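Chemist: Mind having a look at this structure? Questions to follow.
Any read-out appearing in this document is the output of simple, stated calculations on the displayed coordinates, not a laboratory observation. This one's a predicted model, so the numbers in the text were calculated from it and none came from an experiment. Please note: Cβ atoms are built from the backbone with ideal geometry, for glycine as well, and neighbour counts cover all protein chains shown.
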Amino acid sequence: MRDGSSGQVGRLWVSWLLVGALLGYGVVETVLTAARLFTG
Amino acid sequence: MLSALDRRRTVAPPGYSRWLIPPAALAIHLCIGQVYATSVYKNSLIAHFDASQTAIGVIFSIAIVMLGLSAAVAGTWVERNGPRKAMFVSACFWSVGFLVGAVGIATGQLWLLYLGYGLLGGIGLGIGYISPVSTLIKWFPDRPGLATGLAIMGFGGGAMVASPLSRQLLTLYDRGYDPDAAGSTASGSALVWLFVTLGVGYFLVMMFGVANVRVPAADWRPAGFDPARATAKPMVTTASVSAANAVRTPQFWLLWVVLFCNVTAGIGILEQASPMIQDFFREGGGSAVSVAAAGGFVGLLSLFNMGGRFAWSTASDLIGRKRVYVLYLGVGMVMYVLLASVGRVATGLFVLLACVIVSFYGGGFATMPAYLRDLFGTYQVGAIHGRVLTAWSAAGVAGPLIVNGFLDAKGEPGTLTAAGYRPALLTMVGVLAVGFVANLLVRPVPERFHEPTAVGSGEVEGGLAR
């Protein structure tokens, strides 16, 4: 990756954090649901 | 105004990080993946409109059919105009679909839901699904499977985000609604606000993707990437095939059959997952698997569906596209036979087999763009992918028809036993076998379908060069 600007690094962080947070929220909620398979 | 979104105005400056493109693609796919979470508010819509299951289910069906049609019809337009304009148009259709749907709920006009969420939203779905694909492939010529796997994983993840989010929003907008209580339905006004919130929220997230997406310059290559080495593999072409020519090749239709068979077989499990696991372990009148545990099984399948999209597609970069489909379809057949024959021996075994099958289902979706790139080149791979996606629409009709046809003859899902599922499962083995043979027949595209060398370059394609 060729990256000279700190602006781009910030953009990278924000981008991955946003989609990571969305995806993480979905995964955690689904794991909690899936856990019912073993506890329900 | 839309010209500001044109392909030529979105060429990346030198030094632009290609790792900004996958989150841009994910921002789109995470939003449009909501389409697989409509069951969350289905009963509330049925109660609000006092309509039948079928009348409300049609909304989802229209959206999926429009996904396939718009991806097929708009594919060339997406290639010509670039990912930014395509993502913007997709966001507009998707969001306006929700808002028109909200008006339909508020005024009690079901046809507005068909028009809004089904028709307009479905167009947004199709354009959004294919919008980042060819761009990702161009940014990641060294790892196309990983790149498209990341994006298409987002589509699976979108439902995982939308399901709990919709439940929580409905609870917020209607304090009397309890999503865990059987028979509880949200009020019409809660549904209106849900649709408005999703429409506005998704638009904002998708705009994030619009802002960050760029196309690489025509002469751009990732550091250390040697195109000659990548295309030295027998099934990877250096040539360019147009979308119009691609549909005239047997390779296109073989891959269409491959996707159709893989999706049809996967839907066989996904459609009936909850009643199926209960039926498989039915003893006497009741089942050893509770309703809550069956819900957990559905959640687990969602995780494997999403994980399979990324993991298998990434693996295809290493082991090759044809081989990975041999795995999906060949091992898939074995898994289905085992499920039909010994699936009821233990719950753990049943769950394991089903999870592997569903991961292959997801992998089949995510690996297809890279397979198309290998065979037809990057020139119009997005448009070709759009045309192949009609196989998804067809499988979405065929899969449930096959499974429900067999199950209807045996009784009602939720009252059957494992033996009742056997004919449907063994039929899926046959479906996978057809796909397996089709995949084995795939050969490199003959030269007569190739474009002249200059046409395949970025300059002619859409003004890629700066």
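Chemist: Under a cut-off of 18 Å between alpha-carbon atoms, report the aspartates and glutamates in cross-link reach of B:Lys410, not counting same-chain residues fewer than 8 places apart.
Modeler: Output for B:Lys410: B:Glu271, B:Asp279, B:Glu283.
Chemist: Rounded to the nearest 0.05, what FRET efficiency do B:Val342 and B:Asp408 give with R0 = 25 Å and r taken as the Cβ-Cβ distance? Could you check? Intermediate results must be reported in sequence, preceding the final value.
Modeler: Details: r = 25 Å, r/R0 = 1.01.
It comes out at approximately 0.50.
Chemist: Determine the gain in length on full extension of the stretch B:Ala4-B:Thr417; use 0.36 nm per residue of separation and subtract their C-alpha separation, reporting nm with one decimal. Write down the numbers at each step before the final one.
Modeler: Working: separation 413, 0.36 × 413 = 148.68 nm, distance 5.92 nm.
Going from the current span to full extension adds 142.8 nm.
Chemist: Name the shape class, rounded, prolate or oblate, that the alpha-carbon gyration tensor gives for region B:230-450, where a ≥ b ≥ c are the square roots of its eigenvalues, rounded holds for a/c under 1.5, and otherwise prolate holds if a/b is larger than b/c and oblate otherwise.
Modeler: On the way: a/c = 2.67, a/b = 2.21, b/c = 1.21.
Since a/c reaches 1.5 and a/b is larger than b/c, the shape of region B:230-450 is classed as prolate.
Chemist: Can you compute the FRET efficiency between A:Ser6 and B:Val434 using 1/(1 + (r/R0)^6), with r the Cβ-Cβ distance and R0 = 60 Å? Round to the nearest 0.05.
Modeler: On the way: r = 54 Å, r/R0 = 0.90.
Efficiency at R0 = 60 Å is approximately 0.65.
Chemist: Shifting gears a bit: I need the per residue convex hull volume for region B:1-150, using only the alpha carbons, in cubic angstrom as a whole number. Can you show the working numbers first?
Modeler: Numbers: hull volume 16.8 nm³, N = 150.
Taking the convex hull of the Cα positions in region B:1-150, it is 112 Å³ per residue.
Chemist: Can you put B:Ser187, B:Ser313 in order of Cβ neighbours within 10 angstrom, beginning with the fewest? Walk me through the numbers before you get to the answer.
Modeler: Details: B:Ser187 17, B:Ser313 32.
Ascending number of Cβ neighbours within 10 Å: B:Ser187, B:Ser313.
Chemist: Taking a quarter of the surface of the Cα convex hull of region B:115-271, what do you get in nm²? List each step's numbers first, then the result.
Modeler: Details: hull surface 54.3 nm².
Spelled out: convex hull of the Cα atoms, projected over all directions, averaged, 13.6 nm².
Chemist: Order of B:Trp19, A:Trp13, B:Trp256, B:Trp139 from fewest to most other C-beta atoms within 10 Å?
Modeler: Numbers: B:Trp19 15, A:Trp13 11, B:Trp256 19, B:Trp139 27.
Going from sparsest to densest Cβ surroundings: A:Trp13, B:Trp19, B:Trp256, B:Trp139.
Chemist: Among rounded, prolate and oblate, which fits chain B when a ≥ b ≥ c are the square roots of the eigenvalues of its C-alpha gyration tensor, a/c under 1.5 means rounded, and a/b larger than b/c means prolate? Show your work: numbers first, answer last.
Modeler: On the way: a/c = 2.09, a/b = 1.27, b/c = 1.65.
Oblate, because a/c is 1.5 or more while a/b does not exceed b/c.
Chemist: Checking a compactness column here: for the protein assembly as shown, what do you get for Rg(Cα) / (2.2 N^0.38 Å), N being the number of residues? Show your work: numbers first, answer last.
Modeler: Values: Rg = 22.4 Å, N = 506, 2.2 N^0.38 = 23.4 Å.
Compared with the compact-globule rule of thumb, the protein assembly as shown sits at 0.96.
Chemist: Could you list which residues have their amide H under 5 Å from that of B:Val11, counting only those 5 or more apart in sequence or on another chain, with H placed in the peptide plane?
Modeler: Those lying under 5 Å, H to H, from B:Val11 are B:Val215.
Chemist: Something else: Determine, from the Cβ-Cβ distance of B:Glu283 and B:Leu172 and an R0 of 41 Å, the FRET efficiency 1/(1 + (r/R0)^6), rounded to the nearest 0.05. Write down the numbers at each step before the final one.
Modeler: Numbers: r = 41 Å, r/R0 = 0.99.
That pair, B:Glu283 with B:Leu172, gives E of 0.50.
Chemist: Same structure again: Amide H of B:Arg143: which non-local residues (sequence gap of 5 or more, or other chain) have their own amide H closer than 5 Å, using H built in the peptide plane?
Modeler: Amide H neighbours of B:Arg143, under 5 Å, 5+ apart: none.
Chemist: Let me ask you something else. Taking the Cβ of each residue in B:Cys31, B:Cys92 as the centre, tally the other Cβ atoms inside 10 Å and list the residues starting with the fewest.
Modeler: Numbers: B:Cys31 31, B:Cys92 16.
Going from least to most buried by this count: B:Cys92, B:Cys31.
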